[in-house]
Amino acid sequence: QVQLVESGGGSVQAGGSLKLSCVASRSDYSAYFMAWFRQAPGKEREGVASIRTGGGRTYYADSVKGRFTISQDNAKTTLYLQMNSLKPEDTAMYYCAASSLRGVLASPLDGTRYNYWGQGTQATVSS
């Protein structure tokens with residue numbers, strides 16, 4: 001099985017920044033999309049950002065557009081989420097996800113298209 005391991009979470013003041021990272025346990029698998037999801041207490045899981053592996057096409061939830069940036073390194077070994085201008089409502093457990101599925105019609109921000117998930121990393125934003 002492919003393990004996805006997130007890091008970079010922590011506690012910051014509103015307006016601050018965090019950069020999350022996600023590394024796969026093996027590099028020889030095909031991930032057509034990778035994404036970040038989050039879930040805050042009392043709220044549903046939300047697709048935050050997604051990237052088409054190798055293509056550079058990115059997708060963002062309206063709530064984070066202009067503040068968050070998803071990217072990969074050139075070797076596609078690590079997924080990043082740069083989070084700027086953080087707000088208390090960004091407080092959540094953030095999960096890395098990858099999809100090796102073909103012919104998926106769901107949105108890149110729809111969790112049903114992803115078949116690999118990380119354990120999560122907590123980001124807390126205080127006012």
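Determine the share of the chain's accessible area contributed by carbon and sulfur atoms, expressed in whole percent, with a 1.4 angstrom probe.
Values: 3030 of 6490 Å².
Solvent-exposed carbon and sulfur of the chain make up 47 percent of the total.
Assign one of three labels to the chain, namely rounded, prolate or oblate, based on the Cα gyration tensor with a ≥ b ≥ c the square roots of its eigenvalues; rounded applies when a/c is under 1.5, prolate when it is not and a/b is larger than b/c, and oblate otherwise.
prolate
Tell me the net charge near Thr78. Cut-off is 12 Å between Cβ atoms, Thr78 excluded, with +1 for each Lys or Arg and -1 for each Asp or Glu.
Every neighbour counted, the sum reads 0.
Please identify which residues in segment 85-127 have an amide N closer than 20 Å to a label point set 7 Å out from the Cα of Ser7, following the Cα→Cβ vector.
93-98, 117-124
Distance between the C-alpha centers of segment 1-36 and segment 55-127? Whole Å please.
Here the answer is 8 Å between Cα centres.
Per residue, what accessible area does the chain have, given a 1.4 Å probe and all protein chains present, in Å²?
Result: 51 Å² per residue.
The values are calculated or read from the model by the stated rules, or taken from the named source; none is laboratory data. Since the structure is predicted, the reported quantities are computational estimates derived from the model, not experimental observations. Positions of Cβ are backbone-derived with ideal geometry, glycine not excepted, and every protein chain shown enters the neighbour counts. Heads up: the accessible areas ignore ligands, DNA and RNA and are worked out on the full protein's heavy atoms, side chains in. Shrake-Rupley method; radii C 1.70, N 1.55, O 1.52, S 1.80 Å.
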